[in-house]
Amino acid sequence: MSTLFSISPLRHSHSEALTTSQQAGKYIQQNSFSSTPIPIPFLSTPESTELWSTYENLLYSCLRTGDDKAAHSCLEKLGGRFGTNDERIMGLRGLYQEAMAEDQSALLQMLREYDQILAENPTVTPVRKRRITLLQSLSRESDAINGLIDLLEASPTDIEAWAELCELYVSQGLYQQAEFCLEEILLSTPNAWNVHARLGEILYTSASTTQDQLGTLAESVRRFCRSIELCNGYVRGYYGLKLASDRLSGILSNSGKADSQTSNSSRNHELAVPSVEVLQKLNESATSMLREMARKARLDDPRSPDIAFVEALLKASTVSGQR
């Protein structure tokens, strides 16, 4: 079996998704078996969790590449095995029907169907999540936010829901609420370096809208530092650290308040803002690592989009330094 089948479709490139969907028909045919009214062990095809996980992955890949027929076959296989009333199957069927919708009126009909299902049984989490996603696609962000809040009241440890709610808040410019969502995630996964970096990005973006700009930027720097402490090769962490340390050191230097502010200014009134000297050292370290990462990336994958962003940042920093 192709290794692509066992990999989450979320990690597939467009070409990998196409390759996977093209093999769907053959895979379904090879794993088809006739059922008997009474299960007979030695006449039955052995089942495995991997088999049904593969069918689900194929369903996602086929929908992504527009192979509606193969997607429907995968859905029927899953429905035949677990039943149409299985919560996960209900969510997958909703996903398939949304993909088949030809216009907005069809999507609105799907929304009504979700509402009807949840009116009968509000605990069907996959359908609740499909409804929230559908609301987003209909540009009803406020309703999607309310739906996520209701979901999290019932399932407060759902990390995916917290992450989705965070991004919705960011899209609405509600940065403090977005920060709260990420902090909730970090309670469950304190070593998630990508979450620390994302929190640093939100703090960096929102700094100019807060009363304590220095403290907010200082916390952004700390979050980026934590992300690269947890994952030394994390490009996004070094990228953010360079931006945040550049901006904060520039403000401190230009305002002439480096000494007074670094001693007593803090976003949470607990940690002092780093000194200009410390920020410059962090900036130099981030710049050095980014240059090395860009050099290696050019050798390994010259077309990587990360290279363009990193090199643009380094070029802008060089031009600014020359001025």
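Which of (1) more than 26 Å from Ala163 (Cα to Cα); (2) touching a residue at least 40 places away in the same chain (Cβ under 8 Å) does Val127 not meet, given it meets every other one?
Result: Val127 fails condition (1) only.
Go through Ser206, Ser249 for me and flag whichever is surrounded by fewer than 24 Cβ atoms within 10 Å (Cβ to Cβ), under 20 Å from Ser317 (Cα atoms) and hydroxyl-bearing (Ser, Thr, Tyr).
Residue meeting the stated conditions: Ser249.
Those residues that are open to solvent by 10 Å² or more (accessible area, probe 1.4 Å) and under 13 Å from the mean Cα position of the chain (by Cα), I need them from the range 147-167; list them, please.
Ile159, Glu160, Trp162, Ala163, Glu164, Glu167
Criterion first (open to solvent by less than 70 Å² (accessible area, probe 1.4 Å), out of contact with any His (no Cβ under 8 Å at 6 or more places or on another chain), at pLDDT 95 or above and more than 21 Å from Leu230 (Cβ to Cβ)) does Tyr175 satisfy it?
Here the answer is yes, as Tyr175 does meet what is asked.
Are any residues in the range 86-114 of a type in the set (Asp, Glu), more than 18 Å from Arg140 (Cα to Cα) and assigned to a helix (DSSP H, G or I), and if so, which ones?
Matches in the range 86-114: Glu87 only.
Provide a single number: the residues in the range 271-308 that are modelled with pLDDT of 80 or more and surrounded by fewer than 16 Cβ atoms within 10 Å (Cβ to Cβ).
Matching residues across the range 271-308 total 11.
The values are calculated or read from the model by the stated rules, or taken from the named source; none is laboratory data. What you see is a predicted model, and the numbers here were worked out from it, not measured in a lab. Every residue, glycine among them, receives a Cβ derived from its backbone with ideal geometry; neighbour counts consider all protein chains shown. Remember, those area values only see protein heavy atoms, side chains included, never the ligands or the DNA or RNA. Shrake-Rupley method; radii C 1.70, N 1.55, O 1.52, S 1.80 Å.
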